[in-house]
């Protein structure tokens, strides 16, 4: 189920001008909750290029496939840091032909500059969306169990004494060390980008203590929160936005709220890029340029609730969405954002070992 799309934007997508028919296909590997079927069909209709679309729900899955190679993907959508940055160093991407991306100038210069920290010169990646990780909750169910719940703090997610109060109504957290470990480090008063073994193990030990109260899941939390199966989630702002719309459509309505923790939130940018072994490079560029159309980028944000990196697209959004602090946080909230950087292969192995223990609960 998707949130209802703005009728005007839906008509604009359908009205995109037809171009000369082309032949062939483009293979896209994208996040499950980014896929908007009407966009894919519009691209096919406008170009004659068939889209083969597959989805994933964690960066770790994409990373493993890219490093293995041979999957035949033409466009993939990793998170800029640490994944895309590390993958660039491993030579996993093809340099963009910017001459084929006539819509590049629609991008927000601030987001382009932020991405340049991971992709110097912006030679390999197209920023598509950006956002944060935060707390989504069922207002009524949380108030019933804890009227003074610290919904604006990481305590809401990482303090076992708080979580215990919500065990009966259900709690979910992203099943991803890349997002959860930095937040856990921040809660412990440590550097969220720490690569120190002792820090990672402290965070892991704290997270293992939450296992009696939390289910780790990177996809189902959206439906579960919106449909009343859980009352608390720690996930992507866009995912919570989608859950909010599911709650509003329910009978009776459920009020789902979102909070950016006062301790700070992880900021991420998702990037579209062309793998080094992509078989259909020209078609990949045509697909990327299609995604950079303001109307298409706006449609994606309307459909998913994720902030667009496309400055021109924001002017096409509904007033409610463009002004939503959940999607486009105010400056005082953005001042508390943090990011993470790639580490060494040993750092990665240690993080994986720590997370494996968290996942097993021991």
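Extension gain for the segment residue 318 to residue 100, taken as residue separation times 0.36 nm less the Cα-Cα distance, is 75.5 nm to one decimal.
Applying 0.36 nm per residue to the separation of residue 360 and residue 334 and subtracting their alpha-carbon distance, the gain on full extension is 5.9 nm.
Distance from the alpha carbon centroid of region 21-95 to that of region 126-152 works out to 30 angstrom.
All distinct Cα pairs of region 225-362 go into the 1/r average, and the inverse of that average, the Kirkwood radius, is 18.1 Å. Helix 345-360 and the longest principal axis of the C-alpha atoms of the chain enclose an angle of approximately 60°. Reported to the nearest whole Å, the Cα centre-to-centre distance from region 320-341 to region 191-234 is 21.
In the chain, the longest principal axis of the Cα atoms and the axis of helix 177-187 are about 40 degrees apart.
When a/c is below 1.5 the answer is rounded, else prolate if a/b is larger than b/c, else oblate, so apply that to region 244-325 with a ≥ b ≥ c taken from the square roots of the Cα gyration tensor eigenvalues.
Because a/c hits 1.5 or more and a/b exceeds b/c, region 244-325 counts as prolate.
Per residue, the chain reaches -11000 deg cm²/dmol at 222 nm when only DSSP H runs of four or more residues are counted, each adding -39500 (n - 2.57). Sorted on the mean count of surrounding Cβ atoms within 10 Å across their residues, most packed first, peptides 342-352, 117-127 read 117-127, 342-352.
In nm, what is the difference between 0.36 nm times the number of residues separating residue 250 and residue 227 and their Cα-Cα distance? Display every interim value, and only then the final one.
Working: separation 23, 0.36 × 23 = 8.28 nm, distance 0.72 nm.
Residue separation times 0.36 nm, minus the Cα-Cα distance, leaves 7.6 nm.
Between 0 and 90 degrees, rounded to the nearest ten: what's the tilt of helix 294-304 against the longest Cα principal axis of the chain? The answer is roughly 30 degrees. Put in line by how crowded their Cβ is, counting other Cβ atoms within 10 Å and starting with the fewest, 299, 187 read 187, 299.
Read-outs: derived from the displayed coordinates by stated rules, not from any lab. Note that this is a predicted model, so its numbers are computed, not measured. In this analysis, Cβ positions are derived from the backbone assuming ideal geometry, glycine residues included, and neighbour counts consider all displayed protein chains.
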